[in-house]
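The values are calculated or read from the model by the stated rules, or taken from the named source; none is laboratory data. On a predicted model such as this, the values are computed, not experimentally measured, just so you know. Using ideal geometry, Cβ is built from the backbone for each residue, glycine included, and neighbour counts are taken over all protein chains shown.
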Amino acid sequence: MTDISQKICLVGDFGVGKTSLIRRFVDRQFSDRYLSTVGVKISRRQVEVAEHPSNPLPGRNIQLLIWDLEGRSKFKGVAPSYLQGAKGVIIVSDLTRPETVRGVGDHIDLFHSVNAQGAVALALNKADLVADPAREAKSLLDPQQYRRAFATYLTSAKSGIHVDEIFEAIALKLLTQA
Amino acid sequence: MATDDQERRGFKGWRSRRQWAIATSAPEQRPETAPQDRPAAAPEETPAAADSAIDEATDAGLQVLQELLLGDRTATIDARLEQLREKQQELEHHYYDPKAVINWLAPLIDRVIHEKIRSSRDEMCQSLTPLIDELIYQRSREDRRAMSRALAEIVPAAIERCIADSPQTIAKALAPEVADAIRLQIELDREAIIDTLAPEMGRSIKRQIELERDSMVDALYPVIGNTIRKYMREVVRTINEKVSTALTAEGIGRKIRARVQGVSEAELILRESIDFEVMAALLIHKSSGLVMVEVQREDGHLLESEMFAGMLTAIGSFVRDCIAEPDAAVSDLNEIEYGESRILVEMTGYCYLATITRGDLPKAAIDQLRRTLQRLVLYYGREMEAFNGDRAALPPIIQQSLQNLVDSCNEMASKAKKPPGPPWLLVALLGGAAAVVMLSTLWGGWQAQRRSALLTAARGALADRPELAIYNLGARFEGGAIAVTGRVPQERLKTLAFDVAAAAIAAADGDRRVVNRIQAVRQPPDPVAAAAEVARLTAIFNEQPGTRIQARYQINPSAADSAAIGVVVLDGQTLQGKDLQTFERAYARIPGVGNLENRLRVVRPGTETRLYFGVGSPQPVAIDTRYKIDPVRRFLVANPAARLRIIGHSPADEPNGGDGLARDRAERVRAALIAEGIAPQRLAASGTSADPPQVSASDPQWTRRCVRFETVPPERPFP
């Protein structure tokens, strides 16, 4: 079985839980301190999609190189050069902080400015902290931005809900594109 | 008469009617049909036989009626008809003459066409369109130049219009030929196309860099890499030169080792500093940071290559974003150093090679690394550019090349690690060198002392000889030999000085070679001394019997050689020819004599002495016996080598004379000389009746009766 590797990025505002999501998901990772030095932390995860019914290339797995980019703050944006070569992006927002959900569009714009054809998935994180996350999401998320993403998940790093799913979805998407 | 006229008119009238009727009722009738055929061709005109009488009566009636109604006007109509007929014939005639028709129609045609276009433009277009291409084609074939001229004016405008209206179409039309056109133009006038393109090249490249920097980097990488390396080689050479002049203990030691091993010192320095190992080499996709190809040492700690590559790429991006100046178009990370380890990064357009090493990679290895990368970019650049995360899609040879690279670098490292030689070799070399230096110092000192002693001996010997002491003579070493030097006025002194010095040197060192570098300088001779020498020699030569020499010494101021300005003029006589050469050589040896003028004569004594006889007498006259025998005797005594032939003469007409008497006379003289003590073998007697030399029959008779003498050279036998 041969693997292909793909780079994906996780972007989102500061403190939305990108790093926690990755920690939930990945096999191996560098220390978190790189985030504060270089502004990026790279993790890896082999995703088994070989037997997935929608895998167009059966017999091929995918290895995700996940670039956890330092969260955008009002002082510092995401470095576009880190987005180069990424076939997909998971844009993470915090359901408990509406401004992070509303800022999703900016992140998509930035990503598409570097990778016009890249796949975008939305992770509306900290879903466990919200009573009705679906409704909350619906109220906060601009439908136009929602349509720009191929998939949107209500995730929780704490409970692990939909974490594997969102990564597997993007893996399958990349495999389909490749 | 009237009937005839009527008939004629009636006939004419009928015919005219018929013709008119035909002309009006059938205007489309084809003109080939001759008018005279008309009556016969009209079947309705043929009357039935039964009705013919009635018809004739009717015709006659009609004629009368016609006459009554029209009267004279009939004649006018006839005349008109005749005119029309003529016109018709003329037209028919014209019709069959094309030239006439053309002349007739020409003025009308343009008007007709013009009118037609105006009235029905579309129809005209439709009629002409199918012909236009053919017309142009035909015309082009007939007169290409004219057609070209006609089209030339509109073609540029047409193309311009075409480009404006439909750039895609004209691009499509021209595209396949552009390459050929450029190639042809290059063949025709290379300079022109260079001139055209050159000013834009810089801007084009700049624009291309702006548009697609990575592909430009990839394109230029193999060239620029080489150029920079060439430059760096020069720099290293300069450093090498500087190193080679450094004179330190370590440097000298290294120099000796370099010489022993037959390598340059710089290489040795390099080798000494080498202790390296290639741990891994990763070919990484530049933008995504994905590993395209990796080679790792199996025995070492395996690297998490994908994450490493990603992080390295991120760091590269970070450095580029944060540190590199915005204006610096190309600025990339080249090396990361941590402790003993290094990550060498060699960038190309779409990928980069990260080599993780322990220790510094030597230049040769870096060169090889770059060459490998250049080759890969050159041959597989397209595949690398298109890398999408699938390593299997890359040509396997890239993996193999990288593996070879790592293997060969590590092989280089293992070679370099081998000790260059046992350490005591250097000690032995240094010890040997020290011993050699010491021995050579001692040997040199002893040699110098010995040489000095030899020179002193030679100089002392030269100074001790009084005739040489006044000259500035010396001795010096020439290589292993001693040269005796200085100047003396004579060859003799030169030889003498050399002999003296050589003897002294031989006494001190029998094997020493001695060379003579003394110069014998000719001094201007002393004219007084020369003249005295000439006088002295002359006196000596004049002591020889039979030799009377007068010698004068003269100065020739115009002589070229100042050492030979004297001229000796010799005059006088001598007994033997060989004396002349002896005298000449003796005078020529006198210093200051450059030329010799020899007027010496060889005089043979006795030849002038003649003893005379009375008529028929064998006995010389008494007075001759008394005074002439003795000088001959003295000549023979003075010249012991001289021999005399005694010749008697008795003319044939002398009473009792002749050969017999002549011989008697000679014998008598010979006996007289023998009686005086002359050895008989030195004297030979002969007689002849012939007259003696310089005497003839006309001379007094007594002159013909004589005995004379001839000297015979000692080496010759008597005749």
Search segment B:440-459 for residues being surrounded by 13 or more Cβ atoms within 10 Å (Cβ to Cβ) and among the small types (Gly, Ala, Ser), and hand back the single one that is farthest from B:Val488 (Cα to Cα). B:Ala457
Within segment B:543-552, identify whether any single residue is within 20 Å of B:Arg599 (Cα to Cα) and either in the same structural domain as B:Pro489 (by TED's automatic domain parsing) or free of Cβ contacts under 8 Å to residues at least 12 places away in the same chain (or both), and answer yes or no. yes
When both residues are 6+ apart or on different chains and their Cβ atoms are under 6 Å apart, which pairs have a first residue that lies in segment B:212-241 and is among the polar types (S, T, N, Q), and a second that is modelled with pLDDT of 75 or more? B:Ser215/B:Gly349
Quick check: anything in segment A:92-107 more than 12 Å from the chain's Cα centre (by Cα), of a type in the set (Gly, Ala, Ser) and within 14 Å of chain B (Cβ to nearest Cβ)? no
Determine if segment A:70-79 includes at least one residue that is part of a loop (DSSP other than H, G, I, E, B) and facing chain B (nearest Cβ under 10 Å). yes
Tell me which residues, restricted to segment B:372-396, are surrounded by fewer than 16 Cβ atoms within 10 Å (Cβ to Cβ) and away from every other protein chain (no Cβ under 12 Å). B:Arg375, B:Leu378, B:Tyr379, B:Arg382, B:Glu383, B:Pro395, B:Pro396
Test: residue in segment B:623-636 that is of a type in the set (Ser, Thr, Tyr) and closer than 30 Å to B:Lys578 by Cβ: no
Every residue from segment B:295-321 that is within 58 Å of the chain's Cα centre (by Cα), surrounded by fewer than 21 Cβ atoms within 10 Å (Cβ to Cβ) and either without any contact (Cβ under 8 Å) to a residue 24 or more places away in the chain or within 10 Å of another protein chain (Cβ to nearest Cβ) (or both): B:Gln296, B:Val319, B:Arg320, B:Asp321
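Each row is one residue, and each column tells you yes or no for (1) among the aliphatic types (A, V, I, L, M); (2) at pLDDT 70 or above.
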site	(1), (2)
B:Asp51	no, no
B:Ile54	yes, yes
B:Thr74	no, yes
B:Arg80	no, yes
For segment B:590-657, give me every one of the strands (runs of 3 or more DSSP E) that falls completely inside it and has 2 or more residues that are of a type in the set (S, T, N, Q). B:593-602
Take A:Ile4 and tell me if it is within 13 Å of the chain's Cα centre (by Cα) and either at pLDDT 85 or above or at positive phi (or both). no
Boolean, B:Arg358 is out of contact with any strand residue (DSSP E or B) (no Cβ under 8 Å at 6 or more places or on another chain), away from every other protein chain (no Cβ under 14 Å) and at pLDDT 80 or above: no
